[in-house]
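Student: First, the structure itself, so that you have it in front of you.
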Amino acid sequence: MTQSLEANRRPQATRRPARSRWAAPARPVWEEPPGRAGLAAKGAVLVLACLAVLVPLWIVVVTSLSSKKTITETGGLVVVPRDITFIAYQELLSGGQVTRAAVVSVLVTLTGTVFSMAVSILCAYGLSRPGSLGHRFILLTLMATMFFGAGLIPTYLLVQTLGLTDTYLALILPSAVSVFNILVLRGFFMGVSPELVDSARIDGAGDLRILWQIVMPLSRAVIAVITLFYAVGYWSAWFNASIYLSDQNMMPLQNVLIQLAQKQEIPVGLGQAVKAGNLSGLAVQMAVMVLALLPVAVLSPLVQKHFRKGMLTGAVKG
Amino acid sequence: MSTLDTKTAEPAAPAATGRRTPRGRRRHPRRSRTAGHVPFGRRLRRDRTLILMTVPALVLVVVFNYVPILGNVVAFQDYDPYISTNGVTAMLQSPWVGLAQFERVLSDPGFWHAVENTLVLFLLQLVLFFPVPVALALLVNSVLRPRVRAVVQAILYLPHFFSWVLVITVFQQILGGAGIIAQTLRQHGHEGFDLMTDPAVFKFLVTAEGVWKDAGWGVIVFLAALAAVNQDLYEAAAMDGAGRWRRMWHVTLPALRPVIALLLVLRVGDALTVGFEQLLLQRDAVGPGAAEVLDTFVWWTGLRSQDFSYAAAAGLVKGVVGLVLVLSANKTAHLMGEQGVYRK
């Protein structure tokens, strides 16, 4: 029984003992080797899918690094890099609207993520013991919110009534808790071996200590994934800022990008540089895009191998 | 219930789900002997840390998910936001109008136009978007080399983490009037085009953006389901003479069926919510004719035109129909013998 469970959980490990991580593992004897045409077709589709993601990003990055001369010559976006320059980034990050927006985004993301993680981990642990007092009631109260939304207008009126408009709390509090994420964490916390928890309890550890010293270290992978989910959520958010903030100086990076890209504006303070120097407005826009996508593109592959855990466990299990 | 009993009661149930477990799971040491008979006071004392731990999240959810439900009373009023900046005061002093707002909503062609756009987009995404992750997952799963696989996955997952602002700007740079394709065409003497502002193709554009952003991410769920397929089944099928395609038809697809059913249920339950942020960002460029869906309709009438009561009524109609959709979709899944979002 345990053996087959183990095999079910990690079929790749049992079926494909990896020698080098690049080498193709042995094919099971019963599986016929693929034909050339099939292999080529499969490869072509996969390569095309990857290029569909990478080529647009390449163009954005290269254009952000191009001089005004190159951009004028190509008539717009640049595909082949020529005389790389960092002038757009220098201008953007030497103070002014975009620098401020980037700082706002970073701070909101950091504060929000830490807050959300603390609240979610505590709640997930609090709910990880079925049969505890109020367990079912609390769980149902949380889960019911996955089936309905209160609606945009009442939520707006509430945030206004609480006096959160024009404060950064409006960007954090309304979206601080994701019930889905709590359920995923809870699913993992429940999977921690009860013997371990019990022995800690016998040794006199309280719940906070068990959470901090036993459950959390054992759930590092899923905590990393959920942290990424929350962080990406805060980093990508723009809607709450657009309805709750009225001061342009408070706007996070995404909202500035909307102004630049959708309305073809040039960041405040950069008008002179664009008119006079060899800085292209397009390069500025692309550079803001790179700033917005860089943290995400760097961080998400790091946690990639754990994504599956964050997607499946707990969400379906009541 | 003794520890031994719980062991036999649930053979190999991984990370049990709580609702169905008998009270005396051995995870809780002191409960096992006296399950069901612990007096309330003792349970409270025993579990108070656990309850306290859930309080912050519970407060946030109650304040931001439950309290606003009460705010829906403005749908039955003629809410005047200028009475007071305090919403409660304004609500108390605004006149009640009964169902007048709902009558207005239901006889508004703009509302029905938004409903139509929402449903067309939903169907389009169901047909053109939904099968893509399944196909991609089968492809990725057939890649044997672990490194190649990891690289492909990393690339395909990436756009999921980009904000809609980024995704739409990228599409604008590629397909827009000043985009790279139109620009290349113009340089070679052809006429340029601007897909981003063309209402005729807008719904396909929205679907394409969705595929670009999330199709790769959707692969994960199916990959996990594929990894859980018992490999002996494939071997047995091969022994019986089943070729590659027949193995896929008779082993792989049945294994994916529960996941597909679950995701379909989720999708149908969410039918009235089609990419709010995505459409709001493009509403100005392409015009409300093609881009107005229910959510953007509520946003426009409420927050832009300041007609709060009217927008709240429209939102309430959407919310109620949406709830009915989720619940009936779940019911259908249960009837089909699949697991829904919640268990019965």
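Student: Determine whether residue B:290 is closer than 27 Å to residue A:242 by Cβ, among the hydrophobic types (A, V, I, L, M, F, W, C), facing chain A (nearest Cβ under 9 Å) and part of a helix (DSSP H, G or I).
Tutor: Spelling it out, it is not the case that residue B:290 is closer than 27 Å to residue A:242 by Cβ, among the hydrophobic types (A, V, I, L, M, F, W, C), facing chain A (nearest Cβ under 9 Å) and part of a helix (DSSP H, G or I).
Student: Also, I was wondering about something else. Of everything in region B:217-237, what is part of a helix (DSSP H, G or I) and small (Gly, Ala, Ser)? Give them in sequence order. Explain how you work it out, then say what you get.
Tutor: Let us first name the residues in region B:217-237 that are part of a helix (DSSP H, G or I), namely B:217-227, B:231-237.
The answer is B:218, B:224, B:225, B:227, B:236, B:237.
Student: Which one of A:291, A:312 is among the aliphatic types (A, V, I, L, M), crowded, with 17+ Cβ neighbours inside 10 Å, out of contact with any strand residue (DSSP E or B) (no Cβ under 6 Å at 6 or more places or on another chain) and at pLDDT below 85?
Tutor: None of the other options fit; the residue is A:312.
Student: A further question follows. If the Cβ limit is 8 Å and pairs must be 6+ apart or interchain, which residue in region B:126-145 that is among the aromatic types (Phe, Trp, Tyr) pairs with which residue that is surrounded by fewer than 16 Cβ atoms within 10 Å (Cβ to Cβ)?
Tutor: Taking only residues 6 or more apart or on different chains, the pairs are B:130/B:267.
Per-residue answers, yes or no, for (1) more than 21 Å from the chain's Cα centre (by Cα); (2) more than 29 Å from residue B:266 (Cβ to Cβ); (3) more than 9 Å from every other protein chain (Cβ to nearest Cβ):
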residue	(1), (2), (3)
A:102	no, yes, yes
A:113	no, no, yes
A:118	no, no, no
A:129	yes, no, no
A:135	yes, no, no
A:138	yes, no, no
A:150	yes, no, no
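Student: I'm trying to understand the selection: among the residues of region B:49-60, which are at the interface with chain A (Cβ under 7 Å from one of its Cβ atoms) and farther than 14 Å from residue A:115 by Cβ?
Tutor: B:49, B:50, B:51, B:53, B:54, B:58
Okay, residues lined up against (1) surrounded by fewer than 16 Cβ atoms within 10 Å (Cβ to Cβ); (2) modelled with pLDDT of 80 or more:
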residue	(1), (2)
A:2	yes, no
A:36	yes, yes
A:57	no, yes
A:60	no, yes
A:67	no, yes
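Student: Under the condition of being part of a helix (DSSP H, G or I) and of a type in the set (D, E, K, R), which residue from region B:298-332 is farthest from the other protein chains (Cβ to nearest Cβ)?
Tutor: B:331
Student: Separate question: Counting just the residues of region A:75-111 that are in contact with a helix residue (DSSP H, G or I) (Cβ under 6 Å, 6 or more places away or on another chain) and charged (D, E, K, R), which one comes out surrounded by the most Cβ atoms within 10 Å (Cβ to Cβ)?
Tutor: Taking the candidates together, the pick is A:91.
Student: Okay, next question. Looking at B:143, B:165, which is the one that is part of a loop (DSSP other than H, G, I, E, B) and either more than 14 Å from chain A (Cβ to nearest Cβ) or crowded, with 17+ Cβ neighbours inside 10 Å (or both)?
Tutor: Going through B:143, B:165 in turn, just one is part of a loop (DSSP other than H, G, I, E, B) and either more than 14 Å from chain A (Cβ to nearest Cβ) or crowded, with 17+ Cβ neighbours inside 10 Å (or both): B:143.
Student: Could you list, in sequence order, the residues of region B:63-72 that are over 21 Å from the mean Cα position of the chain (by Cα) and more than 7 Å from every other protein chain (Cβ to nearest Cβ)?
Tutor: B:63, B:70
Student: Please enumerate the residues belonging to region A:159-177 that are within 10 Å of chain B (Cβ to nearest Cβ), crowded, with 19+ Cβ neighbours inside 10 Å and out of contact with any Gly (no Cβ under 6 Å at 6 or more places or on another chain).
Tutor: Matches in region A:159-177: A:159, A:173, A:174, A:176, A:177.
A quick yes/no check of all residues on (1) without any contact (Cβ under 8 Å) to a residue 24 or more places away in the chain; (2) in contact with a Pro (Cβ under 9 Å, 6 or more places away or on another chain):
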site: B:147; (1), (2): yes, no
site: B:152; (1), (2): yes, no
site: B:162; (1), (2): no, no
site: B:171; (1), (2): no, yes
site: B:174; (1), (2): yes, yes
site: B:187; (1), (2): yes, no
site: B:198; (1), (2): no, no
site: B:205; (1), (2): no, no
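Student: Right, next: Give all pairs with beta carbons closer than 6 Å in which a residue from region A:132-158 that is free of Cβ contacts under 8 Å to residues at least 12 places away in the same chain meets a residue that is charged (D, E, K, R) and not in a loop (DSSP other than H, G, I, E, B); count only pairs at least 6 apart in sequence or on separate chains.
Tutor: Qualifying pairs under 6 Å: A:132/B:47; A:133/B:43; A:133/B:47.
Student: Same structure, new question: Tell me which of these residue A:317 doesn't satisfy, since it passes every other one: (1) closer than 30 Å to residue A:187 by Cβ; (2) modelled with pLDDT of 65 or more.
Tutor: (2)
Student: Further question on the same structure: What tally of residues in region B:185-212 results from selecting those that are part of a helix (DSSP H, G or I), under 20 Å from residue B:283 (Cβ atoms) and either modelled with pLDDT of 90 or more or not polar (S, T, N, Q) (or both)?
Tutor: Taking region B:185-212 as the starting set, the residues that turn out to be part of a helix (DSSP H, G or I) are B:185-187, B:195-197, B:202-212.
Okay, now just the ones that are also under 20 Å from residue B:283 (Cβ atoms), so B:195-197, B:202-210, B:212.
From what is left, the residues that are either modelled with pLDDT of 90 or more or not polar (S, T, N, Q) (or both) are B:195-196, B:202-210, B:212.
Residues that pass the stated criteria total 12.
Student: Which one of these is exposed (fewer than 13 other Cβ atoms within 10 Å of the Cβ) and farther than 30 Å from residue A:165 by Cα: B:95, B:109?
Tutor: B:109
Student: Please go through region A:128-159 and give me each residue that is farther than 25 Å from residue A:210 by Cβ and not hydrophobic (A, V, I, L, M, F, W, C), ordered by number.
Tutor: Listed by number, the residues that qualify are A:145, A:149, A:151, A:154, A:155, A:156.
The values are calculated or read from the model by the stated rules, or taken from the named source; none is laboratory data. Because the structure is predicted, anything quoted here is derived from the model rather than measured. With ideal geometry, Cβ positions are generated from the backbone for all residues, glycine too; neighbour counts draw on all protein chains shown.
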